[in-house]
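The values are calculated or read from the model by the stated rules, or taken from the named source; none is laboratory data. The structure displayed is predicted, hence computed values, not measured ones. Neighbour counts run over all protein chains shown; Cβ positions are idealised from the backbone, glycine included.
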Amino acid sequence: MAHTPQRVTCCEVDGDRGHESRHRLLREVYDAANRGDFDALLERLHPDIVWVTPTRRITGRNQVAGWLLGWHASAAPTHRPEELIDVGDTTIALVSISYTDGRPDNHPAHVWRFRNDLVERLEVFPQREDALEVHGPG
């Protein structure tokens, strides 16, 4: 059975249909990251999280914590989810990321999966089109 995707802009997230807890969790993750509250962010990750970036695959909450601390210290990013797209058990977040160190903004896609109301997997796609091609609505 094909899944009908739910396309939700950030302004519409509070009124989404059936994915409220996922969207709330993602808002909490992005908000915690933006304020540098890594304890709050890590509480929302499954202990066996798989975190995939374009250059590495990180497994486990402790390893993700170490990587996040280093990356945020060097890059000082601010994440702004622009759109959330739900397809089955996956939510694709189209995100705008800005930096305080002068590097240009970027606009990746973050593909999130969940287990027991926690983030189980994140895969970062630098090109949004790639994420939509692999995980998006058919």
If we ask which residues in region 105-126 are assigned to a strand (DSSP E or B) and touching a Phe, Trp or Tyr at 6+ places or on another chain (Cβ under 9 Å), their number turns out to be 10
Within region 97-119, residues being within 18 Å of residue 21 (Cβ to Cβ), of a type in the set (D, E, K, R) and without any contact (Cβ under 8 Å) to a residue 60 or more places away in the chain number 1
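Counting just the residues of region 89-104 that are outside any strand (DSSP E or B) and either at pLDDT 95 or above or charged (D, E, K, R) (or both), which one comes out surrounded by the fewest Cβ atoms within 10 Å (Cβ to Cβ)?
Of all residues in region 89-104, those outside any strand (DSSP E or B) come to 89, 100-104.
Retained after the next criterion (residues that are either at pLDDT 95 or above or charged (D, E, K, R) (or both)): 89, 101, 103.
Details: 89: 12, 101: 8, 103: 12.
Restricting to residues being outside any strand (DSSP E or B) and either at pLDDT 95 or above or charged (D, E, K, R) (or both), the top hit is 101.
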Would you confirm, using the coordinates I've provided, whether residue 48 is within 23 Å of residue 87 (Cα to Cα), of a type in the set (D, E, K, R) and at pLDDT 95 or above?
yes
Subset of region 50-68, residues aromatic (Phe, Trp, Tyr) and in contact (Cβ under 8 Å) with a residue 24 or more places away in the chain, comes to 51
So for region 35-42 (the condition being crowded, with 18+ Cβ neighbours inside 10 Å, within 30 Å of residue 138 (Cα to Cα) and modelled with pLDDT of 95 or more), does at least one residue qualify? no
Of those in region 65-88 that are of a type in the set (A, V, I, L, M, F, W, C) and outside any helix (DSSP H, G or I), the residue surrounded by the fewest Cβ atoms within 10 Å (Cβ to Cβ) is 76
So, first residue within 16 Å of residue 113 (Cβ to Cβ) in region 13-26, second residue modelled with pLDDT under 50 and in a loop (DSSP other than H, G, I, E, B), Cβ within less than 9 Å, six or more apart or across chains; the pairs are 22/16; 23/16
Given the conditions (1) in a helix (DSSP H, G or I); (2) within 14 Å of the chain's Cα centre (by Cα), every one holds for residue 133 apart from (2)
The condition from (1) in contact (Cβ under 8 Å) with a residue 40 or more places away in the chain; (2) in a strand (DSSP E or B) that residue 47 misses is numbered (1)
